[in-house]
Amino acid sequence: MDKKHKLRDRKIISFIPDGEFYYDKAMQAMQRDRFEDADKYLKRAAELSPENPKILMQYGVLLMEEGEFDEALELLSKSRALDPSEADTIYYLAEVHAHLSMLHEAKKYAEQYIHLDPHGSLADEAMEIIDFVEQEELANDSDEMSEGEVFYLQEKARRLMESGDFDSAVEIFESIIAEQPDLWAAYNNLALAYFYIGKTERASELLYEVLERDKGNIHALCNLAVFYYYEKREEELVDLLDLLLKIKPYQFEHRFKLGATFALVGKHKEAYNWLRSLQKRGFNGDIGYYFWLSHSAYFSGHEEVAREAYAHLVALDPTKAGYEPWLGVQNDIDADSLEQNREFILEKIRNAYRSERMFGFYLLGKSGHKQEIISHPSYIEVEKLSPLEQLFLANSLDYDFMPQTTFDQSFMRALETTELLYAKHSPLDKQATHLFQMWFTLCENALSRSYPFRNPVAIAAAAVYMFQSSRYSNVTKTGIAQEFGISVPTLTKYVGELFEFLPHFEK
């Protein structure tokens, strides 16, 4: 009996479904007209065998029949790269290009199929594609890109930008405007691509060219505002935002662009008004729309709308769950507080002084802008941060610390002290930020000199006393000691210890 069980277990363990297994199941499903099952099996087959040209071709054909032409083209192109001599793949490339109205490419692939297999099973269909394209060419008498080709290339370039491949996107957009010199959408997207790879001067030149040739182009104006915002060209940004506030577009596309732009530059109330107006008019938004609606709603005090919008976002893209703007932010936070002031936080994390950057990275964990800031490609360069900065950033990213060394333990107590100070003074106003600026200066020097931070409550009290007594004449040690529940001698002791870490300037 035991031998039989072992033999059965060995057989079960040895059978691991691979791409061919799911491919065969897909073929069986298609023979029975069970196309949903076939789609599911072919998708799994392609995941398990991404280098199998037969599987990729068949999955591409199925997606083409379902009308998913962009995805079909990608799969068929990859299949052909893996097996350039497969005639059927070349024919299906002709067919999918025809569906996309990319007629020049469709004809090219159809001719290649006829050359490879003139009597093949798909030869008649290939000749029909060739005849159709030739008739269209006679009617149009033009070598320019078709509308379908332009649309497909723009979508391809947009996906490349979303994946971070801006250089490839630039090449595609350059080819489009060479063929279509009045296609302003391509200019605007090309400007964004150049901006993201650091060619900001070229990016701005393109937008100025659009505005010179198509005055009032809303996308160009909005993109220029984004450039001014990131480049901290404050005066120009203010003037441009004043202009954008006066624009009252009718088209949904322009309303969305204005709303997203206002949200990005921190004009949340204006952003909310535009984005919410679209929703009330039945606009069915995409991932970007619900992202900006949720953020602008939350930061302008419309929390219920923000939560509903984010629920729509997660339904469209489940990977966005856990990045809600209100996560990590206390329930009673003031939308106008400095924790929610993106410019204030960015100014801190870019500051020339390490203690200021430490403050910024700590505050990042209290802000609804956390996800936006950490996901931006140029805001934070972790490899250039000092160890202390990295620790405060890790805390804001909810890193689970496991203190092992004496320094680790000191840092955790310093962090506890910081949390005590924050609990006393949040939400932060200008006055409180001065306290924290002093505290992070003390904290930086103390950690650098291996101070143990043995009594976080007393140290927090000492920091508050040092700050307040330097500004107000009626501050007493007795009052501060009572506020923190410690004795006056204990407060005096830690004031003396912290005093050693104040910066000393030469006279």
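Miscellaneous remarks
- Flag if Arg471 is among the charged types (D, E, K, R), over 23 Å from Ala394 (Cα atoms) and not in a helix (DSSP H, G or I): yes
- Boolean, Asn474 is in the same structural domain as Leu415 (by TED's automatic domain parsing) and within 14 Å of Leu420 (Cα to Cα): no
- Taken as a whole, region 32-39 holds at least one residue that is more than 24 Å from Ile130 (Cβ to Cβ), crowded, with 21+ Cβ neighbours inside 10 Å, aliphatic (A, V, I, L, M) and modelled with pLDDT under 90.
- Restricting region 418-431 to residues that are in contact (Cβ under 8 Å) with a residue 40 or more places away in the chain and closer than 25 Å to Ala352 by Cβ, the residue that is surrounded by the most Cβ atoms within 10 Å (Cβ to Cβ): Thr418
- Within region 334-384, considering residues that are closer than 25 Å to Gly164 by Cα and among the small types (Gly, Ala, Ser), the one modelled with the highest pLDDT: Gly368
- Scanning region 53-105 for residues that are of a type in the set (Ser, Thr, Tyr) and either crowded, with 17+ Cβ neighbours inside 10 Å or assigned to a loop (DSSP other than H, G, I, E, B) (or both) yields Tyr59, Ser79, Ser85, Thr89, Tyr91, Tyr92, Ser101.
The values are calculated or read from the model by the stated rules, or taken from the named source; none is laboratory data. All values derive from a computational prediction rather than experimental measurement. No Cβ is skipped: glycine too gets one built from the backbone with ideal geometry, and neighbour counts run over all protein chains shown.
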